[in-house]
Structure formats: structure tokens, C-alpha cells
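The block underneath contains the structure these notes are about, expressed in C-alpha cells.
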There are 2 protein chains.
Amino acid sequence: MTIPRPLPSELPENITLEMVARTAGVSPATVSRILNRSARVSERKRAAVEAAIKALNYRPNALARGLAQGRTNSIGVLTQDIASPFYGEALRGIENALKDTGAIPLIVSGHWLLRDEVERLEHLLSRRVDGLIVLTGSLPDEMLLRYATEVPLVVTGRDLEGPNLMSLRFDDYLGARMATQHLIDLGHQRIAHVAGPLDHFDSIERLRGYREALVDAGIEPDDDLVVHTDFHEPGGLLAINQLIAARKPFTAVFAANDQSAFGARLALHSHGIRVPEDISVVGFDDLPVSNYVVPPLTSVKQPAYEMGEIAARALVGMIHGEPVKGHLPQPELIVRASSRPLRR
Amino acid sequence: MTIPRPLPSELPENITLEMVARTAGVSPATVSRILNRSARVSERKRAAVEAAIKALNYRPNALARGLAQGRTNSIGVLTQDIASPFYGEALRGIENALKDTGAIPLIVSGHWLLRDEVERLEHLLSRRVDGLIVLTGSLPDEMLLRYATEVPLVVTGRDLEGPNLMSLRFDDYLGARMATQHLIDLGHQRIAHVAGPLDHFDSIERLRGYREALVDAGIEPDDDLVVHTDFHEPGGLLAINQLIAARKPFTAVFAANDQSAFGARLALHSHGIRVPEDISVVGFDDLPVSNYVVPPLTSVKQPAYEMGEIAARALVGMIHGEPVKGHLPQPELIVRASSRPLRR
DNA sequence: CAGAATATTGAAAGCGCTTTCAAGGCGCAA
DNA sequence: TTGCGCCTTGAAAGCGCTTTCAATATTCTG
């Protein structure tokens, strides 16, 4: 099950630092010093070494370096789905923040499965990453705290205090309140909620925000208008079909994320229900594509890209030993064409 | 600019294989043999070692292993944009194919910039990846051939023969022909094309397919109906706005990828033009989300996921030293609601 | 039961780099 | 000229693992 060694082939032999040293007529130590700018070296030797590096086309071996230094210049990133549009933005942010630090992100996916998440984290740790970013997921807090004893760790999607650990949580509750309030302000009373999975902290918070906004507006929350699904398009579609089949009247939908909002919107469409004329739809996340669907989707902006940047920067700070704090921006409602005042 | 060593802190000391050996009362060699199943070991020692591993919570150091073995069980993947929905699917395929090989993909992004691509590849090579998957990009063929002398390489999006190298190309030309032919079959004659960048091989091929389908159907291609853009939503939107501003009549749009089709569709919408009633739209790629936009998008299915799987499997084969050939499925047109017969 | 063949084990030499330590070179002051 | 301090340099030890080689233990054959 493991990949065996490469063929003993005619591939060009590996150029080592020692060969560079020999052709430049200096010691390996000197070459290392030049490579790492870790000590001053006479101009003559420096020139000779640089020439040798060029001539031999030398490329330092990061493994050997890491082994010797006890540091790899890599950070582990646990995402949940490598193709998720939301986490994809976060990854972009991480990549960008890391760009000039010389560090490289090692990205692995946990698929929202505890087993996979643990396995992948272990894998990253055995590669001796300098730090870890955990994008949400389903690891219990205690495990995260334990991992944080091994390596600096930043986790998103939850509140958690601990040594060597920073957490970054978006205010899902407030975001959901804002979305729901927006619909209420437009005159909607019967607002359905396409919720996320019950075992996701964010779903629960969003559901709570939805509920409390209703209550505070004097609207009795109706559990029959809430359908839990999986944060994906098909789920949103099925949810709406279910609601329609149950003949529960509603004039607006608040979906717990944009992907399920897309599914919901399609379900409405195929029932001949127009958005926003007949029913308003509001999503959550504000994916890049949400500005380009028809009609453009009103959504709570979750700053995924910034979240990635903040997480990465904070982690680098922690690795440096600087005590850091980063904070996520407040929720913001982006109003587009998918929501409009209730016709009466 | 580089990340300095971790703080000299109270973190639990690193457990090494040697410590395992000592507590189990065996030699390091024996522990290694057990870890790698590389030789048979008596039951007693095996049990002792396994107990020690558990007790100490030992986690092998992948760097040391890689250094000693000359192999890292990691493969480098150069994508272009970590958040691209299309390449995201390919990454999923790669991840999946690699899952049980023990190898891990190191994913880096080239952003369609030669400079970034080279820099990232060098980075991967200095980490001594066992192989390389290059998802399209803008590296000249010669460079790829040169990289292939260092490490097995699979490249997508082009035809290239060479030792230690495999290329995987989708038939963009045929796909574009099929899309265009579909519109022609529906009675459309004035078919606009939202093309991709002129310096992308795939765009050129798709443009060619579009053109030749028209010619073969006896329709004179009209260059004024072709607008080049960047494969993204805003580009598609602008392209259609431009076409409409130029008052060039058309009854159908073939977009060179789904993302620009989304933009195009929104532009039509905001001009009060209905899809498919007034104008048919066909995309290319068949992104997962294309089945959930309104109306669901007719599109040429590009098997991104499978492409990733095939590439990864082929690469693993090459690393094993097996001469492999993989092949991409033929283009397939997925007809959905965004295209319909021309009203006359 | 001797001797040969085989199975199991450990010592030790690397893998390619960094880093400590000490030595040698140099300039300068006295 | 001698002596001192500072710079630059190289030797060598190590990072944590694998793997060869040889030694020892075990089993088998006749």
C-alpha cells in the first residue's frame, strides 16, 4: 500500500550541498551559512558558492533541512472538502497570507468525519508541520487542546481558549438574526428555514438566530417551517419540496448557507414559484458565485477569505512566539435581488 | 521572512524511534522493521515494540524517514486556483485516488502565472515529492519535459509525449462541436460564443470546435459574435453586455465554461431576456452547481473528478515503475433546461 | 547428533543538512 | 615587535530514521 522507491534510473544524480561545497572549494558549513544568511561570509567565497550553485543547479533538500532545524516551514491545514466553495475561499486567504513567509500550506480534507480528521491531523504532525489550522470540523474541544500542546493551532468555527491555541468564530447567531430580521422588515411573517445539520455548531447558532429574531418580532416560530439538511444544493432542493408537499404556506426562505439556497431556489422554480416576486430567498455565506446567480442572492457575508488570512497570520505569529489575537469582522447582510417586500 | 524555530517551551519532548527501541528492549533496526513491515520479527519483540509505541505515543518522523528512504510518500499537485470549482473537483479526484496509497498530495497554486508556477514547482521539488501532477497551466512543454527528468510527471490539458511523463487531454474541440451542434440542431443560427482567453489552449480548441461546427452546418461564422473573456463570471456578464450593446442579434450563447455561462445568463436576465425562452445558453465543464442554477445549465461534461483520479493513479503507477496509460472519457453533452428549440 | 541452512537480530554507516566549537587569520594598539 | 580581540572558516556531531552486513539463534536434513 505504500509507494516503493523510484526506479534506479538514469535520472540526474542528486546534487547535495556537499557537492556544492566541494566545487566551490569551501566547507559545507560555509555553504549552509550562505544559504541561510546565518553568518557573514567573505565576498570571495560567497561568489564562488553562488557560482557553484548555479552551475550545478543545486536545490536544497527541504527534508534534510527540516530534520536538522527541527522546523519545516510548512503549516498543516485541515479543511473539510477540498472542493467546497466556502472553504476554498478560506484556503485562498491562507495561501495568500503565507505567500511571503516562505511557508507552504499542506492541505488535507477531513470530510466532516472524525475518523478522517484525526487520521489527517496525525499525518500532518508526522510530517512535522510548524503549526496547524483547523477549519471547523467535528473534533471535540479536548482533542484540539491536546493537539495544541504539540504545535501552535488556530481553529475556526468555535470558541475555545487554551494555551498555544487561538479560535476564530464568526457570529453565526447574529448573522442569522440579521437575515431573518431583513425578511421581517420586508413584511414577511411566514419565513421558512432551510437549516444545516443538527450536529454542526454553526447550524445550531443560525437556527437560534432565526428563531430569536422571529420571537423578538412577535412572530411565533413554527417548527414545521424548519427543515434540516446537509448544507448542499440537493438538500436545499429536497427541503423545499418537502415544505411544499406539506402544504405549509410561507412567503420567504432563509437558507443556512448559499448552497442550500441555490437548491431551494431551483425547487421553487420548478414549482413555478417566482423569486423574489412570490417568495423571497436569503442565503448565508455570500459565496463569490452568489452575486452571479439569477436572481443575485441576498446573503449574509461570511468573510471566508479574510478568515483564512487572519488564521494564517495569527498562526505565523504564534509560531514566532508572539502572543496574537485576531478577530473576524462582524456579520454583514448583502442585499440583492432575491428578497423584496411582501406583496399584499 | 522565514519562520523561526518554535519557542523553547514545555512542549512534550519528541519521542523518537530510538526511545521506543530502548523501552522495548530491542534495537532501532527492529523497530524500523516492524514499522515498515520490511522483515519478519519474532512475535515477542513485535508485541513489546507495539506496546512501547502505544505507551510513548510514538509518531514516526516523516522527514527522517524521507531522508533515509529517498522517498517521501507525497506527490506535488500544481493547480491554478485553489478555489476554482473546476479544479476543485480534480483535486477531489486526486485526493480520493491517493487515499489508500499512503501518499499525500501537496497542493500549490500557480494562478496561471508562469513565474508562480515555476516557483511553486521548485518548492515542491525541494520537498522531494515522489511525483508531480500539473493541472494545465502555462508552463512551456520543454520545461515540463525537463521536470519529468527529475520526477514522474502527469500533466493535464495538453498533448505531450516524453519519458517519465504522461499527458491527459480532454477533447475540447469535440466538446465544443457537440455543444454548438446541439444549438444548431435546435434551429439556432446566430450563436454567440463567450470564449476563453486567447492564450489558453483549451479556449482555442473550443473556439475551433464552435467555428467548425458552424461551417459544417453551412453557417458563416461571425467574428462579431465571439467575445473573449477570462473564464470567470464577471467576464461572461461583460461579454454579453458588450454583444447587446453592439446590437448584434443572436438567439443562443455557447460559453466556453460554465462560470462565464453564469455571468452571461445574469447579463441576459438583467436585460429582461429570458433563458431559454428568448435565448438558449450552453456551457462547458458541467460543474456540480450547474445542475442547480436556474434554469439548470446545458453543458459539456468535463470529467474533472475522473481526470484527477486518473492522473493520480497513473502517477502512482509511474512511481512504481509501471508503464501506464490512462485515458479521459469522451466529451458528453448534458442537456438541461437552458437550451431549447428556436422559436420561429 | 553433526552440520548446514535459515530465521532473527543488532551495530553501524549513511541520508543531506545545521550548528557548535575551536582554530586560524587579520588588524590594531602599545 | 608583541599581544589582544574580532572575523571568518572548517571539523565534527547530530537531527531521526533505514538498510546493509555480519553475528547469533533456530530449525532442518541426513
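The values are calculated or read from the model by the stated rules, or taken from the named source; none is laboratory data. Remember, it's a predicted structure, so these values are computed and weren't measured experimentally. Because the Cβ atoms are built from the backbone with ideal geometry, glycine has one as well, and the counts that use them run over all protein chains shown. Ligands, DNA and RNA are stripped out before the accessible areas are found, and what is left, the full protein with its side chains, is counted by its heavy atoms. Shrake-Rupley method; radii C 1.70, N 1.55, O 1.52, S 1.80 Å.
In whole Å, how far is the Cα centre of the stretch B:156-184 from that of the stretch A:152-194? Distance between centres, Cα-based: 44 Å.
Taking GluC sites (Glu not before Pro) as exposed when DSSP calls them loop and at most 14 other C-beta atoms lie within 10 angstrom, chain B has its longest site-free stretch at B:14-160. Structure remark: mean-square fluctuation, Gaussian network model of chain A, C-alpha springs under 10 Å; the largest value among A:ARG274, A:ARG22, A:ARG190 belongs to A:ARG22.
Oblate is the label for the protein assembly as shown, because the ratio a/c of its alpha-carbon gyration tensor axes (a ≥ b ≥ c) is 1.5 or higher and a/b is not greater than b/c. The simple spin-label model puts a point 7 Å past each Cα toward its Cβ; for A:ASP185 and B:GLN69 those points are separated by 5.8 nm. Candidate cross-link partners of B:LYS54 among the lysines, defined by an alpha-carbon separation under 16 Å and a same-chain spacing of 8 or more, comprise B:LYS45. Report the residue, chosen from B:GLY272, B:GLY131, B:GLY235, that carries the largest GNM mean-square fluctuation when chain B is represented by alpha-carbon nodes joined by springs under 10 Å. Sorting by GNM fluctuation, first place goes to B:GLY272.
Among residues other than B:GLY236 whose Cβ falls under 12 Å from its Cβ, what is the net charge (Lys/Arg +1, Asp/Glu -1)?
On the way: positive: B:ARG265; negative: B:ASP230, B:GLU233, B:ASP258.
Overall, the nearby charge balance is -2.
If R0 is 41 Å, what FRET efficiency do you get for A:ASN36 and B:ASP199 from their C-beta distance, rounded to 0.05? Write out the running numbers ahead of the final one.
Values: r = 38 Å, r/R0 = 0.94.
Once the sixth-power term is evaluated, E becomes 0.60.
Pairs of Cα atoms nearer than 8 Å and 6+ residues apart set the relative contact order; for the stretch B:17-60 it is 43 percent.
Per the helix-only calculation at 222 nm, which mean residue ellipticity applies to chain B, given -39500 (n - 2.57) for every DSSP H run of n ≥ 4 and division by its residues, nearest 500 deg cm²/dmol? Don't skip to the answer; put the middle values down first.
Details: 12 runs with 149 residues, N = 344.
Rounded to the nearest 500, it is -13500 deg cm²/dmol.
In degrees between 0 and 90, to the nearest 10, how far off the longest principal axis of chain B does helix B:172-185 point, with axes built from Cα atoms? The angle comes out at about 30 degrees. Comparing mean-square fluctuations of A:PRO152, A:PRO105, A:PRO140 from a GNM of chain A with C-alpha springs under 10 Å, the top value falls on A:PRO140. Any chance you could check the Cα centroid distance between the stretch B:227-302 and the stretch A:22-63 for me, in angstrom? That distance is 55 Å. Normalised by the number of residues in the stretch A:173-302, the average gap of Cα pairs under 8 Å and 6 or more apart makes the relative contact order 26 percent.
Contact residues in the stretch A:287-312 (at least 50 Å² less accessible area with all protein chains than alone, 1.4 Å probe): A:TYR292, A:VAL294. For A:LEU342 and A:ASP141, the FRET efficiency from 1/(1 + (r/R0)^6), where r spans their Cβ atoms and R0 equals 51 Å, is about 0.75. Taken over chain B, the alpha-carbon convex hull comes to 180 cubic angstrom per residue.
Report, in degrees rounded to the nearest 10, the 0 to 90 angle that the Cα long axis of helix A:114-126 makes with the longest principal axis of chain A. Approximately 20 degrees, to the nearest 10.
Would you please classify the overall shape of the stretch A:68-149 from the alpha carbon gyration tensor, given that a ≥ b ≥ c denote the square roots of the eigenvalues, rounded means a/c under 1.5, and beyond that prolate means a/b larger than b/c while oblate covers the rest? Here the stretch A:68-149 falls in the oblate category.
Can you give me the orientation-averaged projected area of the convex hull built on the Cα atoms of the stretch B:17-60, in nm²? Present the calculation step by step, with values, prior to reporting the outcome.
On the way: hull surface 10.1 nm².
Spelled out: convex hull of the Cα atoms, projected over all directions, averaged, 2.5 nm².
Solvent-accessible area of the stretch A:98-190 (1.4 angstrom probe, protein heavy atoms only): carbon and sulfur portion equals 53 percent. Other residues lying with their Cβ under 11 Å from the Cβ of B:VAL215 contribute a combined charge of 0, Lys and Arg counting +1, Asp and Glu -1. Using the Cβ of B:VAL41 as centre and a radius below 14 Å, the other residues enclosed give a net charge of +4, where K and R count +1 and D and E count -1. Under the criterion of Cα pairs below 8 Å and six or more residues apart, the relative contact order for chain A equals 15 percent.
Kindly provide the trypsin sites (Lys or Arg not before Pro) of the stretch B:201-269 that DSSP labels as loop, not H, G, I, E or B, and whose Cβ sees at most 14 other Cβ atoms within 10 Å. Filter output for the stretch B:201-269: B:ARG247. Within the stretch A:60-95, what residues put their amide N at less than 16 Å from the label point 7 Å along the Cα-to-Cβ vector of B:THR16? Answer for this model: A:64-71.
Measuring with a 1.4 Å probe in the full set of protein chains, what accessible area per residue, in whole Å², belongs to the stretch B:172-302? Can you show the working numbers first?
Values: 4670 Å² over 131 residues.
For the stretch B:172-302, the per-residue accessible area is 36 Å².
Between A:VAL324 and A:SER270, the distance separating the two model label sites (each 7 Å from Cα on the Cα→Cβ line) works out to 4.5 nm. Surface composition of the stretch A:17-60: carbon and sulfur atoms hold 51% of the protein heavy-atom accessible area at a 1.4 Å probe.
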